[in-house]
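Working notes for the structure below.
The values are calculated or read from the model by the stated rules, or taken from the named source; none is laboratory data. Quick caveat, the model's predicted, so the values are computed rather than measured. Here the Cβ is made from the backbone with ideal geometry for all residues, glycine too, and neighbour counts use every protein chain on show.
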């Protein structure tokens, strides 16, 4: 975890806080952002908790945040930051692009969402746009977000059934685990198939995995 004092900032530069738990990624981001005439890295963090603490200390113009970090993940870090300032500008930079991840990030307050294989130019442009008050969502991210919103949400019980399905459990085993009848399990599965717009268990697991509902 590191910070740069306000006094050291370039005049008028966009102060960026960078949080990622991979040292090489963190170093690369810090280097490329630091070379921009209109940007400066005001702090770096490798956990979500550090990101929140540094945000409080540095008050960056834009926070660049990974989703999967130890101690506190990116989602919870965003919530914690925006609890202090609802106008905080956050850009998610991640390897994950499931419907669920994108939807959760936007709901948590992200103003930008990019994948780590994005071009540097696109990342820098996104930081500038978010700093200017715009939203930065690539077309493929918008499409996945729309797909997630248009899909009917699964109930808590349906998610439990789906999770057990992903573990290879049979209807009988799912029923025993959840203390419900096999008939009820079949009813939940029919509802899951309808909501995910699939025809069978295999398709349901594939669709759920794409949306980030289960990990196979």
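Just to check your reading of the model, which residue among 162, 124 is buried (at least 16 other Cβ atoms within 10 Å of the Cβ), in the same structural domain as residue 36 (by TED's automatic domain parsing) and modelled with pLDDT of 90 or more? First the steps, then the outcome.
Details: 162 fails: in the same structural domain as residue 36 (by TED's automatic domain parsing).
Going through 162, 124 in turn, just one is buried (at least 16 other Cβ atoms within 10 Å of the Cβ), in the same structural domain as residue 36 (by TED's automatic domain parsing) and modelled with pLDDT of 90 or more: 124.
If I ask for residues that are modelled with pLDDT of 90 or more and exposed (fewer than 12 other Cβ atoms within 10 Å of the Cβ), which ones from the stretch 182-199 would you list?
183, 190
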